[in-house]
Amino acid sequence: MPRRSDYRSAVAVALVAAAMLVWLALGVGIIGRDGDPANRMYFGVLAVGLVGAVLSRFRPRGMARALLAMALAQALVAAIAVIAGLGLPWSGPAEVLLLNGFFIAAFSGSAWLFRRAAAGQPGSVRR
């Protein structure tokens, strides 16, 4: 039986992080100033999570993979922004990396909690 508290915590962390990502990307602008088109890349991060969640049927093991994919997509957005110099002069590389690092940590933490929730399922192997 899945660990319900781990699953619920993972869902809560993922939803809060996703809501904050939308709010910051649309309202304030993580990359550059408000309205900078580079912030649209974050919708790709959310799309990765949504597609992963639907494909996994919201099962813990699949959700862990979906959230890990979101963390990787978030890191890719940060790398693109820093390498291409997007958002300058309003958002420097340190600011972009710090804000994206927060979301990478949140999505990774949620993936870890989903992994813990999956550990109690039949046929699961702990590694």
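The values are calculated or read from the model by the stated rules, or taken from the named source; none is laboratory data. The shown structure was predicted, so the numbers you read here are calculated from the model rather than taken from an experiment. So basically every Cβ, Gly included, is an ideal-geometry build from the backbone, and we count neighbours across all protein chains shown. For accessibility, only protein heavy atoms count, side chains too; no ligands or nucleic acids. Shrake-Rupley method; radii C 1.70, N 1.55, O 1.52, S 1.80 Å.
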Whole-percent carbon and sulfur contribution to the accessible surface of the chain (1.4 Å, no ligands, DNA or RNA) stands at 69 percent
Sum -39500 (n - 2.57) across every DSSP H segment of at least 4 residues in the chain, then divide by the residue count to get the 222 nm mean residue ellipticity, nearest 500.
-23000 deg cm²/dmol
With every protein chain left in place, what is the accessible area per residue of the chain in square angstrom, probe 1.4 Å?
57 Å²
Give me the Å³ per residue figure for the convex hull around the C-alpha atoms of the chain.
89 Å³
Rank ALA12, ALA111, ALA25 by mean-square fluctuation in a GNM of the chain with C-alpha springs under 10 angstrom and give only the top-ranked residue.
ALA12
Cβ-based net charge around VAL48, under 15 Å, with every Lys or Arg adding one and every Asp or Glu removing one:
+2
Once the piece of chain linking LEU55 and TRP23 is laid out straight, how much longer is it, given 0.36 nm per residue of separation minus the C-alpha distance between them?
9.0 nm
Per 0.36 nm of contour for each residue apart, how much would the distance between ILE83 and LEU98 grow if the chain were fully extended, relative to their Cα-Cα spacing?
3.9 nm
Residue of VAL11, VAL51, VAL96 that the Gaussian network model of the chain assigns the largest fluctuation, springs spanning Cα pairs under 10 Å:
VAL51
Under the 0.36 nm per residue contour assumption, what length would be gained going from the current alpha-carbon distance of ALA105 and TRP90 to full extension?
3.0 nm
Express in Å², to the nearest 10, the accessible area of ASP6 obtained by rolling a 1.4 Å probe over the protein heavy atoms while all chains stay in place.
20 Å²
With only Lys, Arg, Asp and Glu charged, each at its Cβ (+1 for the first two, -1 for the last two), find how big the charge dipole of the chain is about the Cα centre; round to the nearest 20 debye.
900 debye
